[in-house]
Amino acid sequence: MDLRELYQEMILDHGRRPRNFGLLEEATSRAEGHNPLCGDRLQLHVRVEDGVVRDVAFEGAGCAISVASASLMTQAVKGMPVDEAERLFRSFHSLVAGEPSGDGNGADLGKLEVFTGVRAFPTRVKCATLAWHTLHAALTDPDASVTTE
Ligand code: ZN
């Protein structure tokens with residue numbers, strides 16, 4: 001199995017069995033995300049305490065890429081300081097949009113690198129970044145709503 005197949009496997013796995021899927025009783029903020037181009041919808045619940053993302057969960061429905069991206073995102077940012085989560089958002093966005101990460105201060109993307117292949121499909125970039133835009137909205141406004149359009 002080459003790296004690309006491994007990446008596809010991971011996206012399919014998270015798309016079918018998303019982690020951190022469901023409600024979060026003690027959320028401090030929530031945000032809705034919608035990607036009308038593909039029909040992806042998600043609701044993100046975040047609990048922030050002392051500047052740290054203590055817990056995060058999501059609900060919703062969409063294509064495998066949007067669900068897998070939300071699933072992997074929740075795993076990546078849980079327990080992370082808010083400013084690091086925002087830095088990861090910017091690095092992830094650069095990765096899938098095929099932009100250079102610029103100043104060399106990009107965050108370590110780890111498993112999120114599985115979305116590298118998305119940059120070849122511009123309409124899929126919105127699927128992959130929906131959860132991240134929604135997270136960004138939740139971290140800056142406790143009751144936000146975003147759309148990729
Ligand atoms: Zn999609």
Counting only residues in segment 102-120 that are free of Cβ contacts under 8 Å to residues at least 12 places away in the same chain and open to solvent by less than 90 Å² (accessible area, probe 1.4 Å), the one nearest to the ligand (Cβ to nearest atom) is identified as 120
Residue set 99, 59; condition touching a His at 6+ places or on another chain (Cβ under 9 Å), of a type in the set (Asp, Glu) and without any contact (Cβ under 8 Å) to a residue 12 or more places away in the chain; output residue 99
Going through (1) more than 14 Å from the ligand (Cβ to nearest atom); (2) open to solvent by 60 Å² or more (accessible area, probe 1.4 Å); (3) hydrophobic (A, V, I, L, M, F, W, C) one by one, residue 61 fails only at (1)
Of (1) open to solvent by 50 Å² or more (accessible area, probe 1.4 Å); (2) within 16 Å of the ligand (Cβ to nearest atom), residue 90 fails just (2)
Exercise for review: Looking only at segment 22-33, decide whether some residue is under 20 Å from residue 115 (Cβ atoms) and surrounded by fewer than 18 Cβ atoms within 10 Å (Cβ to Cβ).
Suggested key: no
When every residue in segment 34-43 that is open to solvent by less than 90 Å² (accessible area, probe 1.4 Å) and assigned to a strand (DSSP E or B) is compared, the one farthest from the ligand (Cβ to nearest atom) is 43
Residue set 148, 134, 123, 129; condition among the hydroxyl-bearing types (Ser, Thr, Tyr), more than 22 Å from residue 13 (Cβ to Cβ), within 16 Å of the ligand (Cβ to nearest atom) and open to solvent by less than 40 Å² (accessible area, probe 1.4 Å); output residue 148
Taking segment 66-83 and keeping residues out of contact with any helix residue (DSSP H, G or I) (no Cβ under 9 Å at 6 or more places or on another chain) and crowded, with 18+ Cβ neighbours inside 10 Å leaves 78
In this structure, does residue 56 turn out to be β-branched (Val, Ile, Thr) and within 13 Å of the chain's Cα centre (by Cα)? yes
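The values are calculated or read from the model by the stated rules, or taken from the named source; none is laboratory data. Since the model is a prediction, treat every value here as computed from it, not as a measurement. Please note: Cβ atoms are built from the backbone with ideal geometry, for glycine as well, and neighbour counts cover all protein chains shown. Areas reflect the complete protein model, heavy atoms only, side chains present, ligands, DNA and RNA absent. Shrake-Rupley method; radii C 1.70, N 1.55, O 1.52, S 1.80 Å.
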